[in-house]
Amino acid sequence: MRMVRVLVVHDEGLLRSALVQLLRSDEALEVSSLCPRTDAPDHRAGPMDVCVVDGDRLEGAGDEWGAPFRALCGDRLVVLATPERPGVLHRAFDGGALGLVDKNASAQRLITAVHTVAQGERFLDETLTVALLKGARMPLTTRELSVLSLAAEGAPMAEIAARLHLSRGTVRNYMATAIRKVGARNRVDAIRIVQSGGWT
């Protein structure tokens, strides 16, 4: 039986260790791990067959989505997600991840997903498939999301305008449009809606 090389990526040490132990219960899996905040992927170790990653920690859009881990295992990512965060699901699916596993799934579901993805096949948990089909698409443009993200960091209007090379009036317009599109009462409410949906 060919061993499948698996890399577990998670910020939280306890959960990362639990995932490693869970996967090591399958003798066909050779499992290592890293913390994305403190460890850089070790490309000298060679390519991994599968990376298991926490969807809430993956950043980037388009070709940049999950770039450090895609460099190690291509699209053979098993992303851990929940139905309540459609933004994470859509980014993972649109980014080309082959596996989507519900964080509330059984241990055996995760092991099955790893083996399926290692063979280059897609694995989608039913609960996440339903959430993908029902979930709303990101309503904001890239520019509107950038304005809202900088506002979430506490940047004042003048700083947002300077960082995005826009006029203050244009920033105000983007902000007003973003608030309207997500059905928010104000910018704080818009930031909450976008963050809780996993869009940032």
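The values are calculated or read from the model by the stated rules, or taken from the named source; none is laboratory data. The model shown is predicted, which means the values in this text are computed figures rather than measured ones. When we count neighbours, we look across all protein chains shown, and the Cβ atoms used for this are built from the backbone with ideal geometry, even at glycine. Quick note on the areas: whole protein, heavy atoms, side chains included, nothing else; ligands and nucleic acids left out. Shrake-Rupley method; radii C 1.70, N 1.55, O 1.52, S 1.80 Å.
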All but one of (1) at pLDDT below 90; (2) surrounded by 12 or more Cβ atoms within 10 Å (Cβ to Cβ); (3) not β-branched (Val, Ile, Thr) hold for Gly13; state the number of the condition that does not hold.
(2)
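Name the single residue that is surrounded by the most Cβ atoms within 10 Å (Cβ to Cβ) among those in region 105-127 being touching an Asp or Glu at 6+ places or on another chain (Cβ under 6 Å) and without any contact (Cβ under 8 Å) to a residue 40 or more places away in the chain.
Here the residue is Asp125.
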Could you count how many residues in region 151-182 are open to solvent by 60 Å² or more (accessible area, probe 1.4 Å) and within 25 Å of Asp94 (Cβ to Cβ)?
4
I'm told Asp102 meets every condition in (1) touching an Asp or Glu at 6+ places or on another chain (Cβ under 6 Å); (2) open to solvent by 40 Å² or more (accessible area, probe 1.4 Å) except one. Can you identify the failing condition by its number?
(2)
